[in-house]
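The structure appears right after this line, and notes come after that.
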Amino acid sequence: MNRREFLLAAGAVAAASTLPFSGRLFAAPANTPRFLLVFLRGGYDCNNLLVPCGSDFYYASRPTLAIARPDAGNPNSAIALDADWGLNPVVRDALYPLWQKKQLAFIPFAGTSDLSRSHFETQDHIERGEAESMGNYRSGFLARLSGLLSGTSAIAFTNNLPLSFQGSPRDIPNISLKADPKAHFDERQAAILSGMYKGTPLAAASADGLALPKTVSADLRNEMVQASRGAPSANNFAAETRRIATLMREQYRLGFVDVGGWDTHVNQGSITGGLANNLRNLGEGLAAYAETLGDAWNDTTVVVLSEFGRTFRENGDKGTDHGHGTVHWVLGGKVNGGRLAGEQIAVNQQNLLQNRDYQVLNDYRDVLGGLFGRIWGLSNSQLQSVFPASKPKDLQLV
């Protein structure tokens, strides 16, 4: 690792497919579990990712947005997963191979008890990981999890430390790896990195590297929408995930990244348009993450979630509005995938919540609690410290 390499890493402007440093100074033990949470800010439309193609009600509810039933002669039709569900064809090359290798599972009818349908309230509710009645804003569930996992290094791949990592007894570093020339370290991050390199031959280089971003603008990217809370869009997500994979392979074991741009009220599209582009980019990023990890993919679990789903019916602007239940994704080399997990019901009008949304039958706290228990062998009392008053549900996802 040389002076120039550190400057590029510290400025977070690397353009290569992997980060220009090895992480060997702080390498984590091999073969230890890795976990990455991918938060889709804005409430993505799960019905046009995991398509309920066995439901006539779906096609009646979405005259312009519905994706065609599976048809071997139509490449724009849904990819059949079973008799009732299909996959948006825009992720055929990225996600479907993982499904075929049983390294991808979906959990429909998932989400939170929060019914506010507010981006901010529901995002905060999820990141705190507490029962809705508790209202303790002092910590996030990943911070509490990190406190239990001695020797498990954590990081947020974001410009600002997300709520889910706030309140940790350990100082969690955060940095965006979007290759955004506007990215910069804040004072807290700079102090962490200075301490890491203090007393090493790289101390002088680190000082220069940390000073460099101060000359660069700290304005947020213009493309960010309010619902995304500053999270980058899915554009070039594959380049970002390759950089993330380098750090997660060599050094970190618990990570968080968010992706914005999922609030699709107008002209949402189906196999083309804004949602399709986001799904394609997201899928390509996750496939790149798996590829870059190499053998470490076998020790990796990735969960993709969003604050809520969208209304089941399309609106008058050919989009969808804020909903409730959604679909979570679980990926990894040893994930028990190729299946839909959790409690399910028929997709029809009678089973909608308030005649508009998917119900939540699989609470995210219970599902994640059960998953964390299997990944790290945590006891029920430990899981209660991460998700107070939860009922961990072991879906045997790993």
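Throughout, read-outs are computed from the coordinates displayed, never taken from laboratory work. Computed from a predicted structure; not experimentally measured. In this analysis, Cβ positions are derived from the backbone assuming ideal geometry, glycine residues included, and neighbour counts consider all displayed protein chains.
On full extension, the segment bounded by Glu291 and Ser113 gains 60.6 nm, given 0.36 nm per residue less the C-alpha separation.
Our note on the geometry: Cα centres of region 51-82 and region 259-316, 18 Å apart.
Ranked by the mean number of other Cβ atoms within 10 Å of their residues, highest first, the peptides 45-58, 139-152, 111-124 fall in the order 45-58, 139-152, 111-124. Amide H contacts of Asp258: Phe39, each under 5 Å away and 5 or more positions distant or on a separate chain (H built 1.01 Å from N in the peptide plane; Pro and chain starts excluded). For the residue pairs Lys101/Lys393; Lys334/Lys393; Lys318/Lys393; Lys102/Lys178, the alpha carbons lie more than 26 Å apart in Lys318/Lys393; Lys102/Lys178.
Working ranking of peptides 85-93, 354-362, 342-350 by packing, defined as the average number of other Cβ atoms within 10 Å per residue, highest first, is 85-93, 354-362, 342-350. Computed from the Cβ-Cβ distance with R0 of 41 Å, the FRET efficiency linking Asn236 to Ser379 stands at 0.50.
For region 44-112, a/c is not less than 1.5, where a ≥ b ≥ c are the root eigenvalues of the C-alpha gyration tensor, and a/b does not top b/c. That puts it in the oblate class. Full extension of the chain segment joining Arg92 with Glu343 gains 87.8 nm, where the gain is 0.36 nm per residue of separation less the Cα-Cα distance.
One decimal place: the segment Arg188-Asp171 gains 5.2 nm when fully extended, by the rule 0.36 nm per residue minus the C-alpha distance. Amide hydrogen proximity for Ala80: with H placed 1.01 Å from N in the peptide plane, the residues at 5 or more positions away or on another chain lying under 5 Å are Leu87.
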